[in-house]
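The values are calculated or read from the model by the stated rules, or taken from the named source; none is laboratory data. Here the structure is a predicted model, which is why all the values come from computation and not from measurement. All Cβ positions, glycine included, derive from the backbone under ideal geometry; neighbour counts span all protein chains shown. Heads up: the accessible areas ignore ligands, DNA and RNA and are worked out on the full protein's heavy atoms, side chains in. Shrake-Rupley method; radii C 1.70, N 1.55, O 1.52, S 1.80 Å.
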Amino acid sequence: MDPLREALEKKKRKLFVPYLTFGYPDVSSFCTLLRICEEEGADAVEVGIPHSDPVADGPVIQTTSFAALKQGVTPPLVVEVMAGVSLSIPLIAMTYGNIVLQYGVGRFARDFREVGFRGLIVADFPLEAWDFLKEAQGLLSRILLASVTSPLERVRRIAEVSEGFVYLVSGKGVTGKTEVDFSALKERVACIRRHTSALVLPGFGIHNPRQAATLAEYTDGVIVGSALLEYIIRNRDTATWMEGFAALVRSYRRALDGAA
Amino acid sequence: MEKWFFGEFGGRFVPETLVHPLEELEEAYEYYRNDPEFQEELKLYLTTYAGRPTPLTYAARLSRELGGARIYLKREDLNHTGSHKLNNTLGQVLLAKKMGKKRVIAETGAGQHGVATATACALLGLECQVYMGAVDVERQKLNVFRMQVLGAQVIPVYSGSQTLKDAINEALRDWVRNVDTTHYVIGSVVGPHPYPTMVRDFQSVIGREAKEQFLEREGRLPDYVIACVGGGSNAIGIFSAFLPYGDVRLVGVEAGGLGLETGKHAASIGRGRKGVLHGSMSLLLQDEFGQIQETHSIAAGLDYPGVGPEHAFLAKTGRAQYVTATDEEAQEAFCLLARTEGIIPALESAHALAYAVKIAPSLPREATVLVCLSGRGDKDVEVVMRSLAKEA
């Protein structure tokens, strides 16, 4: 079994995986946010490495990505900063294929692994496109996305080769702007359960703890990105936004623990 | 997966949600491509509605003035809506209708593809929404109004650099949300498979006609075929018929902007590196970290940081040669053609012409050059007027 999956299974609870854009709102606050996620019960953190053309992302992650890029965030900076951060939970890089290709696939996998990353999600690289990312194998778990539009036969194939977990896109849409399609989602979870023992985490459009708990009833937890980042965008001018963020993460943790 | 690629370029690099819709599109396209009834219907629209075949014009005064090779123009500017874009939108919107889609979306830069899509939707009775960068909406007001008159809704895009590439991003996001009801009409030979192949096929009518017309006129094939390249749909369209004939030199002209050395250009082949954007592996203008760079060209239709994967392939194999023309050279060609032939070309097409102007004088009188005049320049007169006033 791959180490990321092993680490997640050891938790023996519904998994909470927050997504943060690296360097948003600034590098030092981002590092504090990571620490807050760890302390408030996140089981892993997805770290967005920003791209100039994030086609799979809605307005919130576009905003945070462009802001991070404007501050000069680059993959080498991510490696440099993360080398100085030590966390007890695994990190998962989420980005777009061109960022990894230009850095060099093998080098990306080695450098990111070295600083605490254990998994890789590439938003615009479906199963077939991973032929171009082979050099990451054995270094970063290949986390594939399955979608409510993927035919069941394809969902099965994806689940069979996905490492870490299967990232199940919860509805038709981009991050933050997706209406969860419960019936299509359930059907796909059932398919994965029937054929594999893979962990399944839904993501896209999950925007409150109650909804997270509902989804966790028949999945292994949830991924929440835009809802957290939107909170930061709206509140970062206030004095207590970090406490507010901690409370928000805690509320997801509690909701998921209640669903277990 | 091999048929998704042109050598090492092409492919299908899209969010998982779009994989199945692209499979459905590919299947439908394969079916209708071989369906005589569909082809008959499309041909009827191309002839009785778009006005095809477009003529081949011998540019006598221009050729004489340059004093070398004889220059011929394939007159896509005389196609309905004023450019080659309608060849593709008629094909794709008809396909969308056959697939039972009720709604069509498109991206547009200068507005030519948006207008051509809105036109085909009006003709075939489909709902149409066009994404356009907010910067382009501002500088192409007339085309925005044309689309609205044609019954389309124009949606300004405020993200990123607010130009063509961002309009494509937003159209892709819309498509992810509405795949059941909606077909996305991509305007060039870019995007994930099957788009580069499908758009080429719909544009190949340019090359088929031109080859036949040229043979009839000259009794042989041209020595040069020259076309401008942004995404590269008119170029692939005219090249396609001449690809098997190694003696015919194919030349794509990219936007040199203010000059390659200034960094303000859109020469994706000339200065780009291999990478992935908008669903395919191709040559891109990007920084060392893979972020897409902003481009510049006086011709909005060439102002794009990528290029169709088949062009990247033709460049790599050497079958076609890619050069650049600057803003200034394009403007000079624009004025020259107007003065010598009474044809105001689109600034995009003026790039192709500029290269013909450059090489023709040194070629012998027997040599022939075929230029794809991809569109008419009415849309550009204001830009040229302002630019010339600045110089004066």
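Some values worked out for this structure:
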| read-out | value |
| --- | --- |
| Listed residues B:203, B:219, B:262: farthest to the positive end of the dipole of chain B (Cβ charges) | B:219 |
| Anchor residue B:101: aspartates and glutamates whose Cα lies under 16 Å away (excluding residues fewer than 8 positions away in-chain) | B:23, B:24, B:26, B:27, B:127, B:174, B:180 |
| Occluded residues from the range B:8-32, i.e. those whose accessible area drops by 10 Å² or more once the chain is not alone (1.4 Å probe) | B:12, B:13, B:14, B:15, B:16, B:17, B:19, B:20, B:23 |
| Surface/4 of the Cα convex hull for the range A:9-53, nm² | 3.8 |
| Equivalent ellipsoid semi-axes, the range A:139-210, via Cα gyration tensor eigenvalues times 5, rooted, Å | 19, 14, 11 |
| The range B:243-298 shape via C-alpha gyration tensor axes, a/c threshold 1.5 | oblate |
| Lys/Arg +1, Asp/Glu -1 at C-beta; chain A dipole; positive extreme among A:106, A:199, A:67 | A:199 |
| Net dipole in debye of the protein assembly as shown [+1 Lys, Arg Cβ; -1 Asp, Glu Cβ; about Cα centre; nearest 20] | 440 |
| Alpha-carbon Rg/Rh ratio, for the range A:193-247, with Rh computed the Kirkwood way | 1.13 |
| Cα gyration tensor shape of chain B, rounded if a/c is under 1.5, else prolate or oblate by comparing a/b with b/c | rounded |
| Cβ-placed point charges (K, R +1; D, E -1), dipole of the range B:1-122 about Cα centre in debye, nearest 20 | 740 |
| Where A meets B: accessible area buried, both sides, 1.4 Å probe, Å² | 2900 |
| Compactness of chain A - radius of gyration and Dmax, Cα, Å | 16.8, 50 |
| Accessible surface of the range B:248-357 [probe 1.4 Å, protein heavy atoms]: carbon and sulfur percent | 49 |
| Tensor-based shape of the protein assembly as shown (alpha-carbon gyration tensor, a/c under 1.5 rounded, otherwise prolate or oblate) | prolate |
| Rg/Rh ratio calculated on Cα atoms of the range A:20-150 (Kirkwood radius) | 0.94 |
| 0 to 90° range, to nearest 10: angle between helix B:164-178 axis and chain B longest Cα axis | 30 |
| 1.4 Å probe accessible area per residue over the protein assembly as shown, in Å² | 36 |
| Cβ-based charge dipole, the range A:1-51, positive-most Cα from A:37, A:50, A:27 | A:37 |
| Charge sum, other residues only, whose C-beta stays under 9 Å from residue B:72's C-beta, Lys/Arg counted +1 and Asp/Glu -1 | +2 |
| Proximal lysines relative to residue B:390, as straight alpha-carbon distance under 22 Å, when same-chain residues fewer than 8 apart are discounted | B:141, B:264, B:379 |
| Electrostatic dipole magnitude of chain A [Cβ: Lys, Arg +1; Asp, Glu -1; Cα centre; debye, to 20] | 540 |
| Chain-alone versus full-assembly comparison, the range A:103-137, residues with accessible loss of at least 30 Å² (1.4 Å probe) | A:124, A:126, A:128, A:132 |
| Surface share of carbon and sulfur [accessible, 1.4 angstrom probe, percent] for the range B:58-125 | 49 |
| Residues of the range A:156-176 buried by at least 30 Å² on assembly (accessible area, 1.4 Å probe, chain alone as reference) | A:172, A:173, A:174 |
| The range A:104-238, Cα convex hull volume normalised per residue, Å³ | 127 |
| Tail fraction, Cα-Cα pairs, the range A:71-129, threshold 14 Å, whole percent | 56 |
| Rounded Å value of the spacing that divides the Cα centres of the range B:5-50 and the range A:86-165 | 30 |
| MRE, 222 nm, helices only [DSSP H, n ≥ 4, -39500 (n - 2.57), over chain A, to nearest 500] | -14000 deg cm²/dmol |
| Alpha-carbon centroids, the range B:157-172 and the range A:36-76: separation in whole Å | 19 |
| Convex hull of the range B:249-366 built on C-alpha atoms - directionally averaged projected area, nm² | 8.1 |
| The range B:302-328 versus the range A:190-207: alpha-carbon centroid distance in Å | 43 |
| Calculated P(r) tail over 20 Å for the range B:315-392, as whole % of Cα pairs | 36 |
| 25 Å Cα cut-off, lysine pairs counted over chain A (separation 8 or more, or different chains) | 9 |
